[in-house]
Amino acid sequence: MSDAALLQVDGLNAGYGRSQALFGVSIKAPARGAIAVLGRNGAGKSTLLKTVFGELPTMSGTIRFDGTAVEGEPAERRVRRGVGYVPQEHAIFAKLTVRENLALGCVRQPDRSGMDYVLDFFPKLAQRLAQTAGTLSGGERKMLAIGRAVLGRPKLLMLDEPTEGVWVGVIEEIADRLKQLSREMAVILVEQHIELALEVAQHAYVMDRGHIALEGPAASVRSDPRLMHHLAP
Ligand SMILES: Nc1ncnc2c1ncn2[C@@H]1O[C@H](COP(=O)(O)OP(=O)(O)OP(=O)(O)O)[C@@H](O)[C@H]1O
Ligand SMILES: [Mg+2]
């Protein structure tokens, strides 16, 4: 990976109030390509994304994005800089239509071309623009959540378990879309489907109890005997 990372997180400590959940976490993401963040339940994956996004404050450590230290900035400013985030939960407004949900994603670059791009990308959404988001299938909801984040044309797209609750037949479709996106932007993928994550990503980090326990090229992490140790319940 080149030194000119789009995102560079160094020695990050963060958590919830006085309860620390991340301990000296360092990761980096290049401007193109995907990195995977793996780890068992409670390892700190979502906390890491929330802290990089700015939903949780940084206790100490640095978050450099596109050449600027952003750890003191509110999430909204990070969004304007090009940080896109699809949270694990509550990523869409269930009572609003697909169209309304997408319109709310136009914060960074409110233009038609973004909308066309997303509907081209997820044609299933184009057929359901007037449908209430709460009535979509699990897979369609995830596509809508990703679509909303992509509409803002982020430089970095962080996805927290984009295939959770998605029927197996649709998982491959989402994986293909993520591969496509990672050719155009930096992608950070948090996934429980280890094989899928290591297929989409070129580099992987494995978290264990708030620490980075293992990292390396996806192929080496896949064959590393320590992987299962860190993922075992
Ligand atoms: N809102 C919260 N308040 C206090 N502690 C929290 C909160 N959310 C998460 N934690 C704690 O922080 C730690 C890391 O949780 P986190 O949600 O980041 O894990 P995760 O790796 O995303 O797990 P999962 O795979 O289940 O989504 C856990 O010990 C968890 O209990
Ligand atoms: Mg999580």
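In table form, for the structure just shown:
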item: Condition met for V37 (in a strand (DSSP E or B), out of contact with any Pro (no Cβ under 9 Å at 6 or more places or on another chain), at pLDDT 95 or above and within 16 Å of ligand 2 (Cβ to nearest atom)); result: yes
item: Exclusive hit being modelled with pLDDT under 95, within 15 Å of ligand 1 (Cβ to nearest atom) and of a type in the set (G, A, S), set G17, G42, G105; result: G17
item: Residue selected from region 1-31 under the condition assigned to a strand (DSSP E or B) and of a type in the set (S, T, Y), by the criterion surrounded by the fewest Cβ atoms within 10 Å (Cβ to Cβ); result: S19
item: Subset tally (residues that are small (G, A, S) and more than 21 Å from G42 (Cα to Cα)) for region 177-233; result: 8
item: Only listed residue being within 21 Å of A186 (Cα to Cα), in contact (Cβ under 8 Å) with a residue 60 or more places away in the chain and among the small types (G, A, S), chosen from A69, A149; result: A149
item: Residues being part of a loop (DSSP other than H, G, I, E, B), within 16 Å of ligand 1 (Cβ to nearest atom) and touching a residue at least 40 places away in the same chain (Cβ under 8 Å) - total across region 156-190; result: 3
item: Exclusive hit being surrounded by 14 or more Cβ atoms within 10 Å (Cβ to Cβ) and either of a type in the set (D, E) or within 22 Å of A31 (Cα to Cα) (or both), set G139, G147; result: G147
item: Matching residues in region 1-34 - criterion: being away from ligand 2 (no atom under 16 Å from the Cβ) and among the hydroxyl-bearing types (S, T, Y); result: S2, S26
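The values are calculated or read from the model by the stated rules, or taken from the named source; none is laboratory data. This structure is a prediction, so every number in the text was calculated from the model and none was measured. Because the Cβ atoms are built from the backbone with ideal geometry, glycine has one as well, and the counts that use them run over all protein chains shown.
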